[in-house]
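A quick write-up on the structure given underneath.
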Amino acid sequence: MNIDRRSFLKLAALGLLAVAAKPAFDLISRPSAARALEGPFAGKRLAMVVDLNACTAGDGCVDCIAACHSVHNVPDIGNTKEEIKWLWEVDYKRAFPDQENGFVSEPLLDSRVLVLCNHCDNPPCVKVCPTQATWKREDGIVMMDYHRCIGCRYCMAACPYGSRSFNWRDPRPYIDIIQQGYPTRTRGVVEKCNFCEERLSDGLQPACVEACSSGALKFGDLKPGTELYDLISSQFNLRRKAELGTRPQVYYLL
Amino acid sequence: MYDKGKIIGGLAVFLCLASFPVWYMAASGKADYSPDPVLPVSENLCVESAQYMKEYHMQLMQQWRDQAVRQGDSIYVSSDNRTFDINLTGTCLKCHTNKADFCDRCHNYTGTAPNCWDCHNVPPANAPPQVTK
């Protein structure tokens, strides 16, 4: 067979193109959002609403905190340096330090505000985690995989809400009654609120919402048409440090 | 060769000492010791076949871990289409009620120290195997 250099090169190039066509086509035609649309969490944006008018935290009610910490085996270590917090309360000024309006109504200023992980839409803790031990699920829950956490505490540094706690010691001796339904943690891992994902998968509401007798806590999917959406689209509400761009998903009704 | 006797004698002593664990175990009858974990009497079939569980329970548990935690899917479908809730404390230990007589026996024998129980709970009773009626 007689073939000159020029036609050989042309044929070789055509051959290469033919071989590369299929993978290239697959790459281009793959719908990029396809993965996000599958799975059990698809199409949801879970969020929580805390109604500060209804909440009785200022009167000493700690039902939600007690329920949360009991269900999740959160230890009570007894000193603030090592304390583990999933759900707790702080003064209004500490919760919303960015609210620099000249006058805030006296009862509001004196109120205690329930705070927890905000399950941000743009979570800074997830970005810094070197092992992907924390990640955002498609329904918006910022999850922790304790198996994978190496205790570097980058996430604690990144979280602007102080929502994460580190286990400096074995928590088990500091848990009153260990609930068999949920594991404890161990020394050297970071933990935080998980929006009760283990209860949600059983069709239950989060423990704090269930324990609240004043109806101050509401939880659910945040999409137009839902109760939660109507609530926050019709009333003035705040999110903690929203100016940081983390897009927190715990909404406070004033 | 100088000091032939000392060298060969020394080597013989060394070999005796180095192989001591082997022949001592063989002589004392401990060499054929097997850990013999206590199996539940209430059930006779695990999530998968016993042979598979013996060989691959660690891989299966890692698969359970990833499926439940990372994918949020806590239902395991076994190879013969039975479904199980993925839960170490609730499912595995429901039948294997005594961790010390089941898990620990083989793990101690093989010198492995899995850290599952640092977080996962062992039911406090640690009751002896239930007797079927």
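None of the figures in this text is laboratory data; all of them are computed from the coordinates on show. Being a predicted model, the structure only gives us computed values, none of them experimental. Every residue, glycine as well, gets a Cβ built from its backbone with ideal geometry; the counts of neighbours run over all protein chains shown.
Table for the structure above
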| quantity | calculated |
| --- | --- |
| At q = 0.13, 0.17, 0.19, 0.24 Å⁻¹, base-10 log of I(q)/I(0) for the stretch A:77-175 (Debye sum, equal scatterers on each alpha carbon) | -0.58, -0.89, -1.03, -1.30 |
| Average other protein chain Cβ within 10 Å of Cβ, residues A:180-190 | 4 |
| Phi to ³J(HN,Hα) by Karplus 6.51 cos²θ - 1.76 cosθ + 1.60 over the stretch A:168-176, Hz, x for Gly, Pro | 6, 8, 4, x, 4, x, 9, 9, 4 |
| Given chain B, longest segment not containing exposed loop chymotrypsin sites (Phe, Trp or Tyr not before Pro) (DSSP; at most 16 other Cβ within 10 Å) | B:34-133 |
| Exposed-site-free run, longest, chain A (rule: GluC sites (Glu not before Pro); DSSP loop; at most 12 other C-beta within 10 Å) | A:101-254 |
| Nearest-20 debye value, the stretch A:93-163 charge dipole, Cβ charges on Lys, Arg, Asp, Glu | 340 debye |
| Farthest toward positive dipole pole in chain A [+1 Lys/Arg, -1 Asp/Glu at C-beta], among A:Ile28, A:Cys117, A:Cys196 | A:Ile28 |
| P(r) of the protein assembly as shown over all Cα-Cα pairs, binned every 20 Å from zero, in whole percent | 21, 41, 23, 12, 3, 0 |
| Normalised per residue, the volume of the convex hull around the Cα set of the stretch B:33-90 (Å³) | 106 Å³ |
| Dipole moment magnitude, nearest 20 debye, chain A about Cα centre, only Lys, Arg, Asp, Glu C-beta charged | 1580 debye |
| Listed residues A:Cys149, A:Ile84, A:Thr246: farthest to the positive end of the dipole of the protein assembly as shown (Cβ charges) | A:Cys149 |
| With eigenvalues of the C-alpha gyration tensor scaled by 5 and rooted, the stretch A:166-254, Å | 30, 18, 12 |
| Structure-based [θ]222 nm, chain B - -39500 (n - 2.57) summed over DSSP H runs of at least 4, per residue, nearest 500 | -11000 deg cm²/dmol |
| Neighbour cut-off at most 10 other Cβ (10 Å), DSSP loop, chymotrypsin sites (Phe, Trp or Tyr not before Pro), the stretch A:47-124 | A:Phe103 |
| Out-of-range pairs (alpha-carbon distance over 19 Å; input A:Lys93/A:Lys241; A:Lys44/A:Lys223; B:Lys54/B:Lys99; B:Lys30/B:Lys54; A:Lys85/B:Lys94) | B:Lys30/B:Lys54; A:Lys85/B:Lys94 |
| Segment A:Ala66-A:Ala12, length gained on full extension (0.36 nm per residue, minus Cα span) | 12.2 nm |
| Equivalent ellipsoid semi-axes - Cα gyration tensor, chain B, angstrom | 45, 18, 14 |
| Average partner coverage of B:113-120, which counts Cβ from other chains inside 10 Å | 4 |
| Shape category assigned to the stretch A:45-253 from the gyration tensor of Cα positions, a/c cut at 1.5 | rounded |
| Loop-located trypsin sites (Lys or Arg not before Pro) in the stretch A:171-214 whose Cβ has at most 14 other Cβ within 10 Å (DSSP) | A:Arg187 |
| Over chain A: helical MRE at 222 nm, DSSP H runs n ≥ 4 each giving -39500 (n - 2.57), nearest 500 | -7500 deg cm²/dmol |
| Least to most buried among A:Lys85, B:Lys54, B:Lys4 (fewest other Cβ within 10 Å first) | B:Lys4, B:Lys54, A:Lys85 |
| Radius, Kirkwood style, for the stretch A:204-254 when every pair of distinct Cα atoms is counted (Å) | 12.2 Å |
| Sparse-neighbour loop sites [chymotrypsin sites (Phe, Trp or Tyr not before Pro); the stretch A:146-254; at most 12 other C-beta within 10 Å; DSSP] | A:Phe236 |
